[in-house]
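Written out below as structure tokens is the structure these notes cover.
The values are calculated or read from the model by the stated rules, or taken from the named source; none is laboratory data. Owing to the predicted nature of the structure, the values given are computational and were not obtained by experimental measurement. Note that we place each Cβ from the backbone using ideal geometry, even for glycine, and neighbour counts take in every protein chain shown. Surface areas here come from the heavy atoms of the whole protein model, side chains and all, with no ligands, DNA or RNA. Shrake-Rupley method; radii C 1.70, N 1.55, O 1.52, S 1.80 Å.
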Amino acid sequence: MARAARGKAPRPRPRPPRGLAASLRRLLAGAGGGLGVAAAAYVGVDYLRYLSPAWHGRLMPALWAALALAAAARAPFYRHWSAELRAALPFLGSIAFMLGAFLCEAVSVRFVSAVMGLQWHRSAAPLPDTGQWLLLALNEKLPQCVVDLLRAHVITLHHYLMLFIMLGFSVLFGCIKAPGLGIATRYMFTMAIGRLLRTMTFVATILPSARPWCAAARYQIPGHPHPWAQKYYVPYASDSDAIRRVIRDDVAYAAVQSYPGEYRPDWGRMSFLVDILRPTPGEGPSWYHLLKKASGGCNDLMYSGHMLVAVLTAMAWTEAYGGWISVAIWLLVLHSAQREIRERHHYTVDCVVAIYVGILLWRMTRFIWSARDASRARRLAKLDEVQNKLIHAAKDSDVDEIRGLLKEVELAGQEKQGVSQRAILAFAAATIIFTLTCVVLALTLTSDG
């Protein structure tokens, strides 16, 4: 009996390794490990441009090189290139959709900036913004070091884009669920939807800028309002009796004042844009030159496009990776929001709306890519399908039948290989080159914020 008892005694479990090395290993293997350190290092090293430009010039190229070499070295050993290949077409479609949304937004930004004329921009008073009042009041109460931190340009638009790109590339190291092109497709599709909603919002009602000097410094738009505004806005802008009458009659009855004529260049098939973009002789020979100068516009654009990018990046990190780095990114989003308000690039309402719109849009596009393990769901579905067969095989003690059914369950969760290895390798090389090119272009085009 004693021998039997000793034979059934549980084996002692091996103790987990202790010490500093084991603690560091657990930290890097847990949520917010190596990828979080790399993201924090990127933001920190880039901020050195303000603290020590010399060190920034040394460390930033080294960090870029290290990240690029790590991704290139890991790419040949990545096991999910077939999944990336299946996600390629939706990825390219989302790029085209996003570029189309950006084009629509650029045309609309130019329209709302030019339709009222330069004189209106100079005379229109900014809207009262209680968020701006609150920040000015806090400047008087908080310690100077805290105020300096709130004013610091810790993170800007291109940082958020780079943080998402780092998240996408981390699929090579197994940090997020494959395919990486899947989360990129979701990000760009959501961005395009958000930009289109933003365009419809700021075109619907034209709001004055929080920076009244912006239009005169950035554009060469006509001083007088557009003919549409001359007829439908100017006569009813300030006269209360005229406003009452137009509400009662619902007809634009007032006579239009005399204004200078509109400049109408010959743009061929694109001449329909003349009434929308309102060009002037000194702004370039084509409509494309005007759109390149559209930038962020000189009206208040409801809601903030910068904040939309920041929120989508934070949502992607929160769902795909989590950990302390996601909390840190959300804190940076709040820092960016107060700085947008503090520097009067946007009103407070623009940042508030951008935050909840970005959150809701990201949650609505979960059908494109999700952090949930689809292979586990397929295995569970297959297990439900063969459950009765497993029960009968167990009753009959048919071990071979049980093994075969369990093999079917395991294969149900694996990716189907329908493409040759050579084609997958060619696709992998093309994907790496194309993505790195997009990285360079994104950082170059957004380097000015």
_Protection-proxy order for peptides 307-318, 388-399, 277-288, 144-155, each taking the mean of Cβ atoms within 10 Å per residue, highest first_ = 307-318, 277-288, 144-155, 388-399
*Regarding the stretch 190-343, what are the three Cα extents along the principal axes, ordered largest first, in Å?*
63, 43, 28
_How big is the chain along each principal axis, measuring the range of its Cα positions in Å and listing the largest first?_
110, 53, 46
_Output wanted: per-residue J couplings in Hz (rounded whole) for the stretch 130-141, from phi through Karplus 6.51 cos²θ - 1.76 cosθ + 1.60, θ = phi - 60°, x for Gly and Pro._
5, x, 5, 4, 4, 5, 5, 5, 5, 4, 7, 9
*Label points 7 Å out from Cα along the Cβ direction at Tyr356 and Arg211: separation in nm?*
2.8 nm
_Sequence-distant residues sharing a close amide H with Leu207 (under 5 Å, placed H)_ = Asp300
_Need the C-alpha centroid separation for the stretch 214-280 versus the stretch 107-155, integer Å._
27 Å
*For the stretch 292-342: rounded, prolate or oblate by the Cα gyration tensor [a/c cutoff 1.5]*: prolate
*Sorted by mean Cβ packing within 10 Å, highest first, what order do the peptides 205-211, 239-245 take?*
205-211, 239-245
*Please state the charge dipole magnitude for the chain, taken about the Cα centre, from unit charges on C-beta atoms (+1 on K and R, -1 on D and E), reported in debye and rounded to the nearest 20.*
2000 debye
_Note, ³J(HN,Hα) from phi for the stretch 51-59, Karplus 6.51, -1.76, 1.60, rounded to Hz, x at Gly and Pro_ = 8, 8, x, 5, 5, 4, x, 8, 7
*Taking all protein chains as present, what is the carbon and sulfur share of the accessible area of the stretch 60-198, in % to the nearest whole number, probe 1.4 Å?*
74 percent
*Of Ala83, Ala229, Ile206, which is farthest on the positive side of the dipole of the chain, counting Cα position, with +1 on Lys and Arg Cβ, -1 on Asp and Glu Cβ, and the Cα centre as origin?*
Ala83
*asked:* I need the shape label for the stretch 109-168. Rule: rounded when a/c is under 1.5, else prolate if a/b > b/c, else oblate, with a, b, c from the alpha carbon gyration tensor.
replied: oblate
*asked:* From Cα pairs below 8 angstrom and at least 6 apart in sequence, can you work out the relative contact order of the chain, rounded to a whole percent?
replied: 24 percent
*Among the Cys residues of the chain, which have no other cysteine Cβ under 4.7 angstrom away?*
Cys104, Cys145, Cys175, Cys351, Cys438
*Order the peptides 35-44, 164-173 from the highest to the lowest mean number of other Cβ atoms within 10 Å of their residues.*
164-173, 35-44
